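Take a look at the structure below.
The values are calculated or read from the model by the stated rules, or taken from the named source; none is laboratory data. All values reported here derive from a predicted model rather than from experimental measurement. Neighbour counts run over all protein chains shown; Cβ positions are idealised from the backbone, glycine included.
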Amino acid sequence: MVTHQSKRERAGACSTCRTRKKRCIPSSEGYGCRLCHSLSVRCTLVRDPGPAKVTRGLSPVKRPPRANNSSIGPLLSEETGNPALLATHEALLEMVQLYFSRIHNIAHTMFHEPSFLKLLDEGKASMKLAYAMCALSARYSVNPCFRDVPPCDRGKAYASEAMQLCHQCMDAPSLVMVQALLLIGYYFSGEGDLQRKHIYVGSARLHAEALILQRSPMQLDAVQQEEYRRTVLSVRIATHWGATDIAIEPEDASYAVAIYPKVDDVSFRSSYPERQLQHVGISPASQCNMWAQMAQTLDIFTKINGLLRRLSRGVISFAEYAHEVPVLEGRLNQWNESLPAILTFNIDQLMFFVDRRLGRTFLSMHIGYFHFRQMLLFPFLEAGTGQEAATVRRMTEKCNKSAAAISDILQYATSLQDCELDYFIYGHIAVVSSCVHLHSLLLSEDPLALSTARQRLILNFKFLMRIKLYWPIVESSVIRLRTFQSSCRTSMSDPFVFDNWMARFLTEHSSLLAERQLFVSNTGDIGAELQNMRHTDDSRGPQDATFNPGDEDTSVPTVPATAELKGLIAARDDLSSLVHDKNINNEDLANDVLEWLSRN
């Protein structure tokens, strides 16, 4: 029932409802209309809304009574018995700050953090965004209210609330809607819910396309213009990665290709007032614009996925694949060589960005490059013995170096403060890197290579043990690795033969895979082609790659790692002891660490 105070002083709809051709219904909270309240915008029918209230609009659900606004509300709803939203503004602010410190600027970039936190503090931020951020970040919280709730389950209530708010205005494209839908899509991706992931990511893409037709981004202020560019790029990234899960080419709108971030990452990360931000925008070739650099690799990533699928389906032969690889490898190398000096991978540059709270973004940019390389070169791994062809041998070595560089980056991420890559996509990358290390562990005869592979495999497993507690999809990645390792032990054929299962293993980071079936290679199979290439020296192979962090045994500084969950340190110590146990052979080591990873 609407109170007398919430009745309008004059007839008609507010400007927002008129623009969107919606019925203008007064809000039951006495502040404007329902639509404006759900969008967190000022309603034109209200002359003076009064001072902002930090608790306004935090949750439309009924909350249990509490003594005061500063106390933390109970986790369980009295009505449903399910995890419910933490009720206070302080708790919500904590979750949003966790989002910016642990999630944002790693796999996507959409928000100007100081501006959003200011809006949230004033009670003016979009709650669909705030709840969607909490759905992703609550898993990292140390709030005592979450004590009995597993990290993977803490975001469910927030996600549900964000979805409800989005459903109220699904036919009203806006920058906020694109961002909220994409965040919900990321949430379901981490949950391993492939169907709902594609629904929300696809909806975000459609809203972005409708938005560009509806209005020009130049109508936005300086902060919103840069958020718009970064949001469109994030939609492209999600579209390209998501397309691989269903083995299709991404639907890439033509307008998106030219929209790169224009504001330097360091500048955009700082607390520039809106009137000043418009003066710091510089070209995409900026020394510190990592996201503009990463955007240039999306097309290469898509072409690598397509080439791998063509090989696995028999559309092209392995010889044809080997002939096409140097082109894509050359593009990756060119990208790496053209990076500004400040973005090249070394400890000094890493610490430069760590000091500016962008260490995660720096590591994310480089781990993506090495992941694309290890994917491209993975089919050259083979379990045969004897004299290999020069091309196969050279490409295998490059694949090993790329996988080693990934392990080194993950070591930095787990050892340096503010460098954590505790995001589900890096679980998939670590699993692929681990398969390359397993190849060396099971097949190499070089003592140094064996020792290095043992150490890096353990480093990867420590990382996987850490993040699988946060993201359900990482458990599926670990199961994949277990399946692959089992095929290495029991198959009469080459477990590294690049069949359809292996292609999906590499490219589909969220989809579920059936059990792998391997058969003895026959004439014409990839394994037979590799066997024939052992006796063929192909001088047309690509030139050796330029220097990169995987080309040498880089030492990682000893920095105390902080264990965030009970028992993690002890488990890591036990795993590390396996590396130096000379009584355990390499095959048993791989089996033991996978068993350990499955139990913890």
Handout entry: Every residue from region 296-316 that is on the phi < 0 side of the Ramachandran plot, of a type in the set (Gly, Ala, Ser) and surrounded by fewer than 22 Cβ atoms within 10 Å (Cβ to Cβ)
Key = 306
Problem - Among the residues listed as 434, 444, the single one being small (Gly, Ala, Ser) and modelled with pLDDT under 85 - result: 444
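If a residue counts only when it is in contact (Cβ under 8 Å) with a residue 24 or more places away in the chain and closer than 27 Å to residue 262 by Cα, which helices (runs of 4 or more DSSP H) contained entirely in region 112-219 have at least 1 such residues?
Details: elements: 113-121, 127-137, 156-167, 175-191, 194-214.
The qualifying helices (runs of 4 or more DSSP H) are 113-121, 127-137, 175-191, 194-214.
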Problem - Hey, residue 422 part of a loop (DSSP other than H, G, I, E, B), closer than 25 Å to residue 297 by Cα and either among the aliphatic types (A, V, I, L, M) or in contact (Cβ under 8 Å) with a residue 40 or more places away in the chain (or both) or not - result: yes
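When only residues in region 140-156 that are under 17 Å from the mean Cα position of the chain (by Cα) and surrounded by fewer than 24 Cβ atoms within 10 Å (Cβ to Cβ) count, which is farthest from residue 190 (Cα to Cα)? Walk me through it before giving the result.
First, pick out the residues of region 140-156 that are under 17 Å from the mean Cα position of the chain (by Cα): 140, 152, 155.
From the residues that got through so far, the ones that are surrounded by fewer than 24 Cβ atoms within 10 Å (Cβ to Cβ) too are 140, 152.
Working: 140: 14, 152: 9 Å.
Ranking the candidates gives 140 first.
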Completion exercise
Conditions (1) touching an Asp or Glu at 6+ places or on another chain (Cβ under 6 Å); (2) closer than 21 Å to residue 379 by Cα; (3) of a type in the set (Val, Ile, Thr) -> residue 467 fails only (2)
Practice task
Answer yes if at least one residue in region 379-400 is among the aromatic types (Phe, Trp, Tyr), touching a Leu at 6+ places or on another chain (Cβ under 7 Å), in contact (Cβ under 8 Å) with a residue 12 or more places away in the chain and surrounded by 21 or more Cβ atoms within 10 Å (Cβ to Cβ), and no otherwise.
Solution key: no
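Restrict the check to region 492-514 and report whether at least one residue is touching a Cys at 6+ places or on another chain (Cβ under 7 Å) and modelled with pLDDT of 65 or more. Explain how you work it out, then say what you get.
Just the residues of region 492-514 that are touching a Cys at 6+ places or on another chain (Cβ under 7 Å), to begin with: 495.
From what's left, modelled with pLDDT of 65 or more: none.
Checked region 492-514: no residue is touching a Cys at 6+ places or on another chain (Cβ under 7 Å) and modelled with pLDDT of 65 or more.
On the basis of being among the acidic types (Asp, Glu), at pLDDT below 65 and outside the structural domain of residue 397 (by TED's automatic domain parsing), does residue 265 make the cut? First the steps, then the outcome.
Numbers: among the acidic types (Asp, Glu): yes; at pLDDT below 65: no; outside the structural domain of residue 397 (by TED's automatic domain parsing): yes.
It is false that residue 265 is among the acidic types (Asp, Glu), at pLDDT below 65 and outside the structural domain of residue 397 (by TED's automatic domain parsing).
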Exercise for the section: Please work out which one of (1) assigned to a loop (DSSP other than H, G, I, E, B); (2) surrounded by 22 or more Cβ atoms within 10 Å (Cβ to Cβ) is the condition residue 417 fails and give its number. Expected result: (2)
